[in-house]
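Take a look at the structure below.
The values are calculated or read from the model by the stated rules, or taken from the named source; none is laboratory data. Computed from a predicted structure; not experimentally measured. Every residue, glycine as well, gets a Cβ built from its backbone with ideal geometry; the counts of neighbours run over all protein chains shown.
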Amino acid sequence: MDSAPPSPAPSTAIAFRDLPDTDLDRALDLVYLAFHETPEDEKRKHHHDLLRGCERVGAYDGRTLVGLLAAFRFTMSVPGGELPCPSVTFVSVAPTHRRRGVLSGMIAALFERCGASDRPLAALWASEDAIYGRFGFGPATYNNTVEVKSERPLDLRIVPSEGPLRLVDPAAAPELLAAYYDRTRAARAGRIDRTEAWWREEWMATEDEEDDDLSPPRVVVLGAADDPGRVTGYAIYRTKGRDDAPGLVRLDELEADTPQAEAALWRYLASIDLTGLIQAWGRPLDDPLLLFAGDRDQVRVTGQYPGLRVRLVDVRAALLARSWAAPADLVLEVRDPRLPGNEGRFRLTVTGAGGAAYEPTDAPADLTLDVRELGSAYLGGAPLVSFVRAGVVTEHTPGAAAALDAALATALLPHTVDTF
Ligand SMILES: CC(C)(COP(=O)(O)OP(=O)(O)OC[C@H]1O[C@@H](n2cnc3c(N)ncnc32)[C@H](O)[C@@H]1OP(=O)(O)O)[C@@H](O)C(=O)NCCC(=O)NCCS
């Protein structure tokens, strides 16, 4: 277990405070310095707009801005409901001030704000894996990268639905897709409430952020045009022709109500003329495609990576805010050097009716775990038994980890493709 003490307090010369709108340009200069970017005007304006909508902590050395941490004001689906979830982004420290506790100070400031405003969760995507575990963030969702060889028809073990497929203008897509997304979001934990601007700018941007050769987004919808309420699935993808190989379909998102609807969308993607490969970068680990594909040499998982990292800033409030899949009565000994309010031994009781309590106790612990592993497991996607097997969670009572996993389980794995 990582029980390293918190990093040293930041130099007293550095002050952590709200970053005002008047400092947004300075903040972006710092971001581009830290990430080695020279964006064009349009992209800078986009970042400016995003940052203006964020909660922001600035680190100031005298009058010089030396650190920035921003957080989107998202609401996150959690099992059985949703919670406000500051979603950390634009984290940057001036190269002159690195490893002096600036990031640590900004995160502490964010946690303090969460505590003051009853927000028990925070989340982020990490640019480097090694940075955020020490702050109590644990990977809570995972994505598969999947490739489908589509030079021949997709081999399927189920019959795809024959509902009408239609292409939708990206300008009109957000309204249609948002209705579907909002209706189904609760089924998977870890999903943010996408605003209209988020749909437009993050999902429907004409140019792809990473690959200029990709087409604008294409949106295919399953369901009759005269009944927009009956959309039963959609896919967002881009294509590109290649000189040395058949063209590529880059799949960004595919969602559908039933396996038959999913199969119809995959069959469509695999049959686009002049393409021979689908690359999907953000598929859930429990993707039905992997089971209804008739030929797993045609459909291959090429990689897996951690997605959203979750921090339980207030463990008790977070646990009491989610639903439970099975009764439990367990004493947890939680380690959280950065937020000692979470530390100690607590009895978690979940009744058959799903009501939960989490109260301090002197009883011996059934499980000892770091808050980061609790963050990983919180959405139901990271079994504690695996952490026990890896030696990073200690099980004092045989079966305790499995019992907690059963209580935390969700029907579908948590999953998101909204990176920030
Ligand atoms: C990553 C970054 C934000 C760290 O900021 P910082 O102010 O130097 O961090 P701190 O001094 O508060 O360090 C806190 C701890 O994290 C560790 N740490 C910081 N950056 C790390 C990294 N890239 N890899 C591994 N550990 C790192 C520090 O060693 C320190 O460890 P300790 O707690 O054992 O003492 C900064 O280097 C930066 O701006 N990098 C470029 C942009 C970037 O990568 N942003 C992150 C986006 S997700």
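Quick notes on this structure:
- Residues located in segment 370-390, provided they are out of contact with any helix residue (DSSP H, G or I) (no Cβ under 7 Å at 6 or more places or on another chain) and free of Cβ contacts under 8 Å to residues at least 40 places away in the same chain: SER386, ARG389, ALA390
- Residues considered: ALA225, ALA189. Of these, the only one that is part of a loop (DSSP other than H, G, I, E, B) and buried (at least 20 other Cβ atoms within 10 Å of the Cβ) is ALA189.
- Test: ALA225 is in contact with a Lys or Arg (Cβ under 8 Å, 6 or more places away or on another chain), small (Gly, Ala, Ser) and under 20 Å from GLN260 (Cα atoms): yes
- Between ASP362, ASP366, the distinction of being over 21 Å from LEU83 (Cβ atoms), surrounded by fewer than 21 Cβ atoms within 10 Å (Cβ to Cβ) and among the charged types (D, E, K, R) belongs to ASP362 only.
Yes/no matrix, rows are residues, columns are (1) under 17 Å from the mean Cα position of the chain (by Cα); (2) outside the structural domain of ALA264 (by TED's automatic domain parsing):
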| site | (1), (2) |
| --- | --- |
| ALA123 | yes, yes |
| SER127 | yes, yes |
| LEU156 | no, no |
| VAL159 | no, no |
| ALA173 | no, no |
| ALA186 | yes, no |
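- Among the residues of segment 75-95, those identified as touching a helix residue (DSSP H, G or I) at 6+ places or on another chain (Cβ under 9 Å), more than 14 Å from the ligand (Cβ to nearest atom) and among the hydrophobic types (A, V, I, L, M, F, W, C) are VAL78, LEU83.
- Residue within segment 90-97 that is among the polar types (S, T, N, Q) and over 28 Å from GLY53 (Cα atoms) present: no
- Count of segment 108-139 residues which are within 16 Å of the ligand (Cβ to nearest atom), touching a residue at least 60 places away in the same chain (Cβ under 8 Å) and among the aliphatic types (A, V, I, L, M): 6
- Hits in segment 129-153 - residues which are closer than 25 Å to ALA189 by Cβ and either assigned to a strand (DSSP E or B) or charged (D, E, K, R) (or both): ASP129, ARG134, GLY138, PRO139, TYR142, ASN143, ASN144, THR145, VAL146
- Condition broken by HIS46, with the remaining ones in (1) modelled with pLDDT under 95; (2) within 16 Å of the ligand (Cβ to nearest atom); (3) assigned by TED's automatic domain parsing to the domain that holds PHE111 satisfied: (2)
- Scanning segment 25-57 for residues that are within 18 Å of ALA122 (Cβ to Cβ) and in contact with a Leu (Cβ under 7 Å, 6 or more places away or on another chain) yields LEU51, ARG56, VAL57.
- Test: residue in segment 158-178 that is β-branched (Val, Ile, Thr) and either in a helix (DSSP H, G or I) or surrounded by 15 or more Cβ atoms within 10 Å (Cβ to Cβ) (or both): yes
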